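Quick notes on the structure that follows.
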Amino acid sequence: MCGIFGYTDTNSLENNFFQLMSHRGPDAKGTKKTIKWTLGHLRLSIIDLNSSSNQPFEEDGSILVYNGEIYNFLELKNKYLLDHRFKTKSDTEILLALLNKFGLDILDELNGMFAFAFINKNNELFLVRDRFGVKPVYYTLIDQNFYFASEIKPLLALKSNCNLNNETIKSYFENKGTDFEKESGYKDIYSIKPGHYISINEDKISDQIKWYFGLNKNRNYGTSKQLIQECEDILLNAIKIRCRADVPIAITLSGGVDSTLIYTLIKEKFGFSIQPFVFKHPNKKTDESNLAINLARKYGDDPIVVEDPASPLESLKKILWHLELPFSHPSAVSFFSIYKEISKRGYKVVLEGHGSDEQLGGYPYMLQASAIEALQNAKFTDYFVRKKVLFETHHPGFKKITNLEVIRSCLSDLKQIVYGGRVDLNEILHESFDRQILPLTLRAFERLSMSCSIESRMPFMDYNFVEFARKLPSEMRISKLGNKSILRELLKKYGNEEIYLNKRKIGFSSDIPALFSNSDFKNFIFKLVEDFNLENYQFLKSKVYSNIDKKITWDNYFDLWKVASVSYYLNYNKLIKDFLRH
C-alpha cells in the first residue's frame, strides 16, 4: 500500500509529490528517471518489509510503480512463475514478472486492489486501475506534459487555478455522487475509471480502455442452502487472502452485520490473531458499541474502544484536507478517530466491512424499492415483509414512526404503482455501486485510512463476491430476517443472534447532535456556509440560514453539511499552495 506518481516534465518536481502524499508511504521513497519519465513511489511496507522490495521496481528492462495489494500473488506465482528466480518475497516483484510475461492479459487473474504504472520494454507506459476503483489514480496534461498521481492534491498544485467541475457539484447536491466516469471532480484533472487503463506511447495518449467485463457473466444458482454455502466459501477465501501480511492486522467492529460476519468467520474458521477496534459515543439511542464489545469478548479478544475527541474541529480540518472532494457525512470524524488510534497502536492493516450495503440492499431507500418491486409484481406477502423490515431499520435518531405514518406510506406505495414508473431493485443497486454511493465511500475510506498510513482491506469488494452478489435473487438480499439476509443467515449459523436479529440501520457513526453541540465545530461549519458563493446554488445557502438558530439534529444537518463541505473545496487550490509554501 503506497503512493505513486510520474511525469514527463523535465523540471525536478518530486519534492511536491513527496510532501503532499507523505502519509501514503512513510517507510521509504524512491524515484527513477528514464529518458522520458520520472517515476516516484512512497512505500507503506506490509509484505516483505526488506528494502529490496522498495520501488520503483525494475526487471528485464521494464519498470513498475504500484499502489495496492495483489492478494492472490502466491497462487499466481505457483501457477505461472515456478521457474522464475526471485530476489524478494513481495507481490510487487511477482506482479512485474507477470506483466513482463503476459502483458495486460494477466489483469483478469489479479485478485486485489491496485493502481499502477508499468513501462514495458518498448517504453510504452500503461496506467491501470483495479476492477472497482478501490485504489485511485489521477492524471492531467499541462503544456504537453503528462502527470499522474495517487491523489489529486499534487496535480492541483501544478495548476495556477483549478475549479470544481460543475457536473460534480450538481451530482453531489442532487444525489451525493462525486466519483464516477473519468471526471475527478476538478476541471482538466481526470481519474482512470474502475476496470480501465490508458497507454502512452511516443506522446500519444490512448482513450481509456476497459479491461474488466466480469459483471456480465451468467450464473446458475441452486437452492437457498447452496447459495448460503457458496457465499460463505467465497467470503472465507476473500478473508484468507486479505490476511496475508508481514505486519499485525486489526479489524473495525461496528456492531453491524458486515464487520461482525468478517470477524466471526475469522474466529470460527481461521483463528487468526486480529485486534478489534470499536467506536463508542455517549448517545445510548444510536451507540451500538456494546454489541461489538460483547462479540469480541465472546471470542476471547480485548477490544480497543475509541471515542471522538472532545474538540473535534482539528480532526474535521484534517479530514477535509485529505478527502479532496465533498463527502456526504460528518461521521468521517469517527472514522478518522479510529484510524488514528489504529496507527498509534502500531497497526498498518485493517479489515473492514465496506461494500456490502451497496450490493445487498443495506440502505432504507433500497428496502423501499424492494417493497415497491414486490407490490408491482403482485407479490403481496413479500411486500408486507419488506415494508416491515424497512420500518424496523428506522434510525433511532429520527422522529418515531407512528401507525398513521405506516398507513400513509403504504397508500403512497399504491399511488406510485398506479401513477409512477416501474421500479427495478437491481438497477438501483447497480447505480449505488457504480455511481451514487460506493465510489464516494471508497474514496473516503481510502483517503482517511491512508492519511494515518493504514491499508484498509475489504473482503466484500473481492471480485468473486461482487460477481456472486450481483446476480442474487431478491429474497437472498431482503427477507424477514432483514436486509442483507444472506449474510444474516451466515451469522445465524454461528449463533450471533444479538446482531443478526438487530435490524436498525446506524452504521459506524459519530453522534451528529453532539458534534454540532461543540461551538468551535459548529462555528467553523457556519463560517464555511457564510463563505459559500457558488452561482446557481445560493438557494441552498438561504435554506441553511433558515435553520441557523435551530438545534442541529440527525434529520436537519444534511443541507448544512453539503453546503459547508462544497464551500471548503472552492478554495482548495489555494490551501494546497499555502501548504507547500510553509
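Could you check how many residues of region 375-434 are touching a residue at least 40 places away in the same chain (Cβ under 8 Å) and among the acidic types (Asp, Glu)?
Summing the residues that are touching a residue at least 40 places away in the same chain (Cβ under 8 Å) and among the acidic types (Asp, Glu) in region 375-434 gives 5.
Residues that are among the small types (Gly, Ala, Ser), more than 27 Å from THR178 (Cβ to Cβ), out of contact with any Asp or Glu (no Cβ under 6 Å at 6 or more places or on another chain) and in contact (Cβ under 8 Å) with a residue 60 or more places away in the chain: does region 340-349 have at least one? Give the steps one after another, and end with the answer.
Going residue by residue through region 340-349, those that are among the small types (Gly, Ala, Ser) are 343, 346.
From what's left, more than 27 Å from THR178 (Cβ to Cβ): 346.
Pick out the ones that are also out of contact with any Asp or Glu (no Cβ under 6 Å at 6 or more places or on another chain) and you get 346.
Narrowing the set further to residues that are in contact (Cβ under 8 Å) with a residue 60 or more places away in the chain leaves 346.
Scanning region 340-349 turns up at least one residue that is among the small types (Gly, Ala, Ser), more than 27 Å from THR178 (Cβ to Cβ), out of contact with any Asp or Glu (no Cβ under 6 Å at 6 or more places or on another chain) and in contact (Cβ under 8 Å) with a residue 60 or more places away in the chain.
Would you pick out the residues in region 319-343 that are open to solvent by 10 Å² or more (accessible area, probe 1.4 Å), farther than 16 Å from ILE512 by Cα and under 18 Å from the mean Cα position of the chain (by Cα)?
Across region 319-343, the qualifying residues are TRP321, HIS322, LYS340.
Can you find a residue that is more than 25 Å from HIS23 (Cα to Cα) and in contact (Cβ under 8 Å) with a residue 60 or more places away in the chain anywhere in region 84-106?
Among the residues of region 84-106, at least one is more than 25 Å from HIS23 (Cα to Cα) and in contact (Cβ under 8 Å) with a residue 60 or more places away in the chain, which makes the answer yes.
ILE506: modelled with pLDDT under 85 and in contact with an Asp or Glu (Cβ under 7 Å, 6 or more places away or on another chain), yes or no? Give the derivation first.
Numbers: modelled with pLDDT under 85: yes; in contact with an Asp or Glu (Cβ under 7 Å, 6 or more places away or on another chain): yes.
So ILE506 passes the test.
Please state which one of ASN166, ASN161 is over 25 Å from ASN145 (Cβ atoms), surrounded by fewer than 20 Cβ atoms within 10 Å (Cβ to Cβ) and modelled with pLDDT under 90.
Among ASN166, ASN161, only ASN166 is over 25 Å from ASN145 (Cβ atoms), surrounded by fewer than 20 Cβ atoms within 10 Å (Cβ to Cβ) and modelled with pLDDT under 90.
Inspect all residues belonging to region 526-535 and state whether any of them is at pLDDT below 85 and either at negative phi or open to solvent by less than 50 Å² (accessible area, probe 1.4 Å) (or both). Break it down stepwise before answering.
Residues of region 526-535 at pLDDT below 85: 535.
Adding the requirement that they be either at negative phi or open to solvent by less than 50 Å² (accessible area, probe 1.4 Å) (or both) leaves 535.
The answer is yes; a qualifying residue exists.
Kindly indicate whether LEU141 is out of contact with any His (no Cβ under 6 Å at 6 or more places or on another chain) and either within 30 Å of GLU467 (Cβ to Cβ) or free of Cβ contacts under 8 Å to residues at least 40 places away in the same chain (or both).
Numbers: out of contact with any His (no Cβ under 6 Å at 6 or more places or on another chain): yes; either within 30 Å of GLU467 (Cβ to Cβ) or free of Cβ contacts under 8 Å to residues at least 40 places away in the same chain (or both): no.
No, not satisfied.
Just give me the residues in region 1-55 being within 20 Å of ARG129 (Cβ to Cβ) and among the charged types (D, E, K, R), in sequence order.
Hits for region 1-55 are ARG24, ARG43.
Can you name the residue in region 9-26 that is small (Gly, Ala, Ser) and surrounded by fewer than 19 Cβ atoms within 10 Å (Cβ to Cβ) and is also farthest from LYS159 (Cα to Cα) among such residues?
Within region 9-26, the first condition is being small (Gly, Ala, Ser), and the residues that meet it are 12, 22, 25.
Applying the additional criterion that residues be surrounded by fewer than 19 Cβ atoms within 10 Å (Cβ to Cβ) yields 12, 22.
Values: SER12: 16, SER22: 20 Å.
Restricting to residues being small (Gly, Ala, Ser) and surrounded by fewer than 19 Cβ atoms within 10 Å (Cβ to Cβ), the top hit is SER22.
How many residues are open to solvent by less than 70 Å² (accessible area, probe 1.4 Å) and under 30 Å from the mean Cα position of the chain (by Cα) when one looks only at region 395-426?
Of the residues in that region, 8 qualify.
Which residue pairs have Cβ atoms closer than 8 Å, lie 6 or more positions apart in sequence or on different chains, and pair a first residue in region 275-301 that is open to solvent by 30 Å² or more (accessible area, probe 1.4 Å) with a second residue that is assigned to a helix (DSSP H, G or I) and of a type in the set (D, E, K, R)?
The qualifying pairs are ASN294/GLU498; TYR299/LYS267.
If ASP308 satisfies every condition in (1) at pLDDT 90 or above; (2) open to solvent by less than 50 Å² (accessible area, probe 1.4 Å) but one, which is the exception?
Against the list (1) at pLDDT 90 or above; (2) open to solvent by less than 50 Å² (accessible area, probe 1.4 Å), ASP308 comes up short only on (1).
Within the bounds of region 490-498, is there any residue that is under 25 Å from the mean Cα position of the chain (by Cα), open to solvent by less than 20 Å² (accessible area, probe 1.4 Å) and within 17 Å of GLN229 (Cα to Cα)? Lay out the reasoning, then the answer.
Restricting attention to region 490-498, the residues satisfying the condition of being under 25 Å from the mean Cα position of the chain (by Cα) are 490-491.
When the remaining residues are screened for being open to solvent by less than 20 Å² (accessible area, probe 1.4 Å), the result is 490-491.
If we keep only those that are within 17 Å of GLN229 (Cα to Cα) as well, we get 490-491.
Yes, region 490-498 contains at least one residue that is under 25 Å from the mean Cα position of the chain (by Cα), open to solvent by less than 20 Å² (accessible area, probe 1.4 Å) and within 17 Å of GLN229 (Cα to Cα).
Might you let me know whether region 232-247 holds any residue that is in a strand (DSSP E or B) and either open to solvent by 20 Å² or more (accessible area, probe 1.4 Å) or of a type outside the set (Asp, Glu) (or both)? Can you show your working first?
Just the residues of region 232-247 that are in a strand (DSSP E or B), to begin with: none.
Looking for residues that are in a strand (DSSP E or B) and either open to solvent by 20 Å² or more (accessible area, probe 1.4 Å) or of a type outside the set (Asp, Glu) (or both), one finds none in region 232-247, hence no.
Scan region 405-445 residue by residue and report those that are among the hydroxyl-bearing types (Ser, Thr, Tyr) and at pLDDT 90 or above. Walk me through it before giving the result.
Taking region 405-445 and keeping what is among the hydroxyl-bearing types (Ser, Thr, Tyr), we get 409, 412, 419, 432, 441.
Matches in region 405-445: SER409, SER412, SER432, THR441.
Looking only at residues that are modelled with pLDDT under 95, more than 15 Å from ASN165 (Cβ to Cβ) and of a type in the set (Lys, Arg) in region 177-223, which one is most open to solvent (accessible area, probe 1.4 Å)?
LYS204
Looking at region 532-573, which of its residues are in contact (Cβ under 8 Å) with a residue 40 or more places away in the chain and either of a type in the set (Ser, Thr, Tyr) or in a helix (DSSP H, G or I) (or both)?
Selection gives TYR537, LEU540, THR553, TYR557, TRP561, LYS562, SER565, VAL566, TYR568, TYR569, TYR572, ASN573.
Looking at region 355-376, is at least one residue more than 31 Å from the chain's Cα centre (by Cα) and closer than 26 Å to ARG470 by Cα?
Step one: of region 355-376, the residues more than 31 Å from the chain's Cα centre (by Cα) are 375-376.
Filter again for closer than 26 Å to ARG470 by Cα, leaving 375-376.
Yes; the residues of region 355-376 include at least one that is more than 31 Å from the chain's Cα centre (by Cα) and closer than 26 Å to ARG470 by Cα.
Conditions first: (1) assigned to a loop (DSSP other than H, G, I, E, B); (2) at pLDDT 90 or above; (3) of a type in the set (D, E, K, R). GLU467 passes all but one, so which condition is the exception?
(1)
May I ask you to verify whether GLY112 is over 28 Å from VAL350 (Cα atoms), free of Cβ contacts under 8 Å to residues at least 60 places away in the same chain and among the small types (Gly, Ala, Ser)?
Working: over 28 Å from VAL350 (Cα atoms): no; free of Cβ contacts under 8 Å to residues at least 60 places away in the same chain: yes; among the small types (Gly, Ala, Ser): yes.
So GLY112 does not fit the description; no.
Provide a single number: the residues in region 92-134 that are touching a strand residue (DSSP E or B) at 6+ places or on another chain (Cβ under 7 Å), open to solvent by 10 Å² or more (accessible area, probe 1.4 Å) and charged (D, E, K, R).
Residues meeting the conditions: 3.
The values are calculated or read from the model by the stated rules, or taken from the named source; none is laboratory data. Keep in mind that this is a model prediction, so the values were computed, not measured. For neighbour counting, all protein chains shown are included, and Cβ atoms are generated from backbone atoms with ideal geometry for every residue, glycine included. Accessible surface is based on the protein model in full, side chains and every heavy atom, while ligands, DNA and RNA are left aside. Shrake-Rupley method; radii C 1.70, N 1.55, O 1.52, S 1.80 Å.
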